[in-house]
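The values are calculated or read from the model by the stated rules, or taken from the named source; none is laboratory data. Because the structure is a prediction, the values reported are computed rather than measured. Please note: Cβ atoms are built from the backbone with ideal geometry, for glycine as well, and neighbour counts cover all protein chains shown. Quick note on the areas: whole protein, heavy atoms, side chains included, nothing else; ligands and nucleic acids left out. Shrake-Rupley method; radii C 1.70, N 1.55, O 1.52, S 1.80 Å.
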Amino acid sequence: MEWLDLPLARCAAGTVRLPGSKSISNRILLLSALAEGTTTASNLLESDDTERMMDSLKALGVAVTRIDEGRYQITGCGGTFPVKEADLFLGNAGTAFRPLTAVLSLMRGHYRLSGVSRMHERPIGDLVDALRQIGAVITYLEQERFPPLEIHPAVIHPADISINGNISSQFLSGLLMALPLINESATIIVNGTLISQPYVALTIAQMAHFGVQVERESWQRFVLPGDRIYRSPGEIAVEGDASSASYFLAAGAIAGGVVRVDGVGRDSCQGDIRFVEALEAMGAQIRMGRDWIESSAPAHEFNTRILKAIDYDCNHIPDAAMTLAVAALFAQGTTTLRNIASWRVKETDRIAAMSTELRKLGAQVESGDDFLRITPPDGPLTADVAIDTYDDHRMAMCFSLASLGVPVRIHDPRCVAKTFPDYFEKFATITR
């Protein structure tokens, strides 16, 4: 097994330029492909997940051209993909698999969508149920309610759609991006509480850049107009990834120096920007500009564990909440992270994985269906442990922070290529 040994780092300080947001990048790629006109996107994330989306769009007949690093030209197809039969492999990219399922269901073509084994364990039944309400014909090729899927040509009839909101916000985002293609007004009703609401807000914001406005009543009812089509904005820039910012900002909060991230700030449309509120609650010092954030440790001397434990509802920051779990190792008291049920259906079962790896470092951990409770050890963290990453990029990046307390080994470090291929190189620039 490949691994990376991270030495003990006693300080974190410096500046990191963030890669483009994965969530925004894949939304912009898909909307650009569906729009009329040609879009030039800059600061687009170059990673495994965006590569899966770009490869799929090319297979569907969309011209995607790399101009320079992070800069791409996408020639839209005006709402109809030229290729009507294709087999698409989407890896473990939920931000590609879920919206493409919705869009392709309306294309009157024959498509097969598959991924890695973990993707075939991630539920998609609620999205398929919603699409079947308007006439989509979708077959499960293996296990009921899970990928892989086969999509058949179908006659779509507009109707109100209901969808459960408690598994993944990507289901609703996929529907929202797809429904303008039917050129009829549409209403989506969300059953229950919608999780990860900021990611839906992000989808609506990107759709607006392409000329389609969504009316929202609370988080329960969404109305799409019937007379709008996607039109290219011409040029569009992807802001830095707020989830990726969390690791560097947490390092500043833990290790005492000032760490600055460039590319995302107080004007961000990403929900994970609210991670800084949690850090502030833990006592970190935060400064923000329009497109930058700085973090440093609380102003306490002669105290080896200076952050404060928190009890925090993480519904709005499901990805960045993982960073809080590792930051809790450096806090006084017991930290409780609530409303994280979606962790169970991510790249791995993150509640189980996080519990196992935190215990290796000496923490006491209690977990349930939707919470994690972490109490750090009374003394130093357990040194020289090997962290398993479960083919989950965020596990690898989160646990790099343990090196601010003890040397640590990260198994399968290349899994970060999913969203941040040069993460460990950039982490090394701020730690010493």
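How many percent of DSSP beta bridges within the chain run antiparallel, rounded to 5?
DSSP beta bridges in the chain are roughly 65 percent antiparallel.
The gain in end-to-end length when the residue 267 to residue 366 segment is fully stretched comes to 32.0 nm, 0.36 nm per residue minus the alpha carbon separation.
Please compute the per residue accessible area over the range 108-218 with all protein chains in place, 1.4 Å probe, rounded to a whole number of Å². That works out to 38 Å² per residue.
If you take every residue apart from residue 259 with its C-beta less than 15 Å away from the C-beta of residue 259, what net charge results, scoring Lys and Arg +1 and Asp and Glu -1?
+3
Surface composition of the chain: carbon plus sulfur atoms hold 46% of the accessible area, using a 1.4 angstrom probe and ignoring ligands, DNA and RNA. Here is how the number arises for the chain: DSSP H runs of 4 or more residues each give -39500 (n - 2.57), the sum is divided by the residue count, and the result at 222 nm is -8000 deg cm²/dmol. With a Förster radius of 22 Å applied to the C-beta separation of residue 8 and residue 425, the computed FRET efficiency comes to 0.75.
Note on the chain: dipole from Cβ charges, positive end direction compared against 413, 429, 130; the farthest Cα belongs to 429.
Which of rounded, prolate or oblate describes the range 253-350 when judged by the alpha-carbon gyration tensor and an a/c cut-off of 1.5? Because a/c hits 1.5 or more and a/b fails to exceed b/c, the range 253-350 counts as oblate. A full extension of the chain between residue 67 and residue 1 corresponds to an added length of 20.2 nm, given 0.36 nm per residue minus the alpha carbon distance.
Along the Cα-to-Cβ line of residue 258, 7 Å from the Cα, sits a label point; which residues in the range 11-54 have backbone N less than 15 Å from it? Counting only backbone N, you get 12-16. Can you give the angle from 0 to 90° between the axis of helix 48-59 and the longest principal axis of the chain, with both taken from C-alpha atoms, to the nearest 10? Taking the Cα atoms of the chain, the angle to 48-59 is about 10 degrees.
Where only protein heavy atoms count, and the probe is 1.4 Å, what is the accessible area per residue for the range 353-432 in Å²?
Averaged over the residues of the range 353-432, the accessible area is 37 Å².
Taken over the chain, lysine pairs spaced eight or more positions apart, or on distinct chains, with alpha carbons under 17 Å apart number 5.
Using the Cβ of residue 91 as centre and a radius below 11 Å, the other residues enclosed give a net charge of -3, where K and R count +1 and D and E count -1. If R0 equals 22 Å, the separation of the Cβ atoms of residue 191 and residue 215 corresponds to a calculated FRET efficiency of about 0.70.
A Förster distance of 41 Å, applied to the separation of the beta-carbon atoms of residue 152 and residue 356, puts the FRET efficiency at 0.50. Site-free segments of the chain were taken between GluC sites (Glu not before Pro) in DSSP loops having at most 12 other Cβ atoms within 10 Å, sites themselves excluded; the longest one is 145-300.
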